[in-house]
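Take a look at the structure set out below.
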Amino acid sequence: MTSDPSRRAFLSAALATGMLTLAGCSTDGVEPGRFRNLPLRTFGGYAPSDTVHLAVVGDSLSVGVVGQLTGANVNGDWHDIVDLGALQFLGGWSKVGATTADMARSAKPVSGADALLIMAGTNDVAAKTVFDDSSVSIGRIVDAVHLDRVSVAMIPPSNASPQAALDFNDRLRDLAGDRGWSVVDPWRSARDDQGRWVTRYRGDGTHPNQSGYQAGTDQLVDDLAEVYLGAEPVG
């Protein structure tokens with residue numbers, strides 16, 4: 001997701017005036033209340049009056065992020081409310097090794113959710129799945145969860161297939177633009193110019209280390225806050 005100067009300026013102003021209550025991050029993950037009392041903007045013409053409730057569908061990267069947020073090691077369906085004030089994570093389906101096709105077969109509605117976050121594609125790249133097939137599966141995930149408001153996450157770097165990961169992200173960004181979905185990039189600080197992991201956050205070449213998961217989770221929450229926050233906050 002590209003940085004919007006107006007959003008950055010508004011975030012800075014909010015911080016300066018105390019509109020955001022930023023708690024420090026513990027070693028267990030993002031502190032509840034990190035974005036409490038955050039004003040929201042419209043999302044695709046929809047203006048949430050209070051809190052955005054997120055469902056998450058994804059692979060091992062989402063398993064790691066959910067672990068940062070909840071302390072749980074999820075394996076498939078999960079339900080564990082993470083209250084960040086204006087943002088709440090309610091549950092979904094996250095599994096190590098899952099392809100977009102696996103997710104499409106397993107995704108289902110999450111009670112109370114009004115927005116969907118998809119973290120998918122790393123295993124499609126590893127399996128050399130053509131993007132057109134991944135695109136169909138991502139569409140089926142959206143249909144299965146049955147929500148109109150959708151955010152897709154860029155996949156992380158890949159030391160084994162850096163260009164393939166970059167190409168997937170380019171295609172995913174185009175797909176999101178065509179479908180009216182928002183794009184978030186939790187791994188931007190972990191990716192070098194060639195699409196490989198920066199040393200600081202590199203784990204096994206496919207996944208980040210613990211510091212990388214923490215940084216990625218923090219960036220994801222920041223990006224999602226930007227998606228729902230505009231220069232002219234809603235109500």
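The values are calculated or read from the model by the stated rules, or taken from the named source; none is laboratory data. This is a predicted model, so every value here is computed, not measured. With ideal geometry, Cβ positions are generated from the backbone for all residues, glycine too; neighbour counts draw on all protein chains shown. Ligands, DNA and RNA are excluded from the accessible area calculation, which covers all protein heavy atoms including side chains. Shrake-Rupley method; radii C 1.70, N 1.55, O 1.52, S 1.80 Å.
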Before we move on, is Gln214 crowded, with 17+ Cβ neighbours inside 10 Å and within 24 Å of Leu54 (Cα to Cα)? yes
Among the residues listed as Ser135, Ser151, Ser161, the single one being over 22 Å from Ala86 (Cβ atoms), at pLDDT 95 or above and under 19 Å from the mean Cα position of the chain (by Cα): Ser135
Failed condition for Ser137, given (1) touching a residue at least 24 places away in the same chain (Cβ under 8 Å); (2) over 26 Å from Asp77 (Cα atoms); (3) open to solvent by less than 70 Å² (accessible area, probe 1.4 Å), with all others met? (2)
Picking from Ala126, Ala107, the residue that is of a type in the set (Gly, Ala, Ser), surrounded by fewer than 18 Cβ atoms within 10 Å (Cβ to Cβ) and in contact (Cβ under 8 Å) with a residue 24 or more places away in the chain would be Ala126
Members of segment 75-104 that are of a type in the set (Val, Ile, Thr) and open to solvent by less than 20 Å² (accessible area, probe 1.4 Å): Val82, Thr100
Please tell me if Val142 is within 14 Å of Thr99 (Cβ to Cβ), without any contact (Cβ under 8 Å) to a residue 40 or more places away in the chain and open to solvent by 10 Å² or more (accessible area, probe 1.4 Å). no
Would a scan of segment 149-161 turn up a residue that is touching an Asp or Glu at 6+ places or on another chain (Cβ under 8 Å), touching a residue at least 40 places away in the same chain (Cβ under 8 Å) and open to solvent by 30 Å² or more (accessible area, probe 1.4 Å)? yes
Taking the condition modelled with pLDDT of 95 or more and surrounded by 19 or more Cβ atoms within 10 Å (Cβ to Cβ), does Leu117 pass? yes
Pairs with Cβ under 9 Å, 6+ apart, first in segment 168-186 and among the aromatic types (Phe, Trp, Tyr), second part of a helix (DSSP H, G or I): Phe168/Thr122; Phe168/Asp124; Phe168/Val125; Phe168/Phe131; Phe168/Ser134; Trp181/Val142; Trp181/Leu175
Can Gly71 be described as more than 18 Å from Pro186 (Cβ to Cβ) and modelled with pLDDT of 95 or more? no
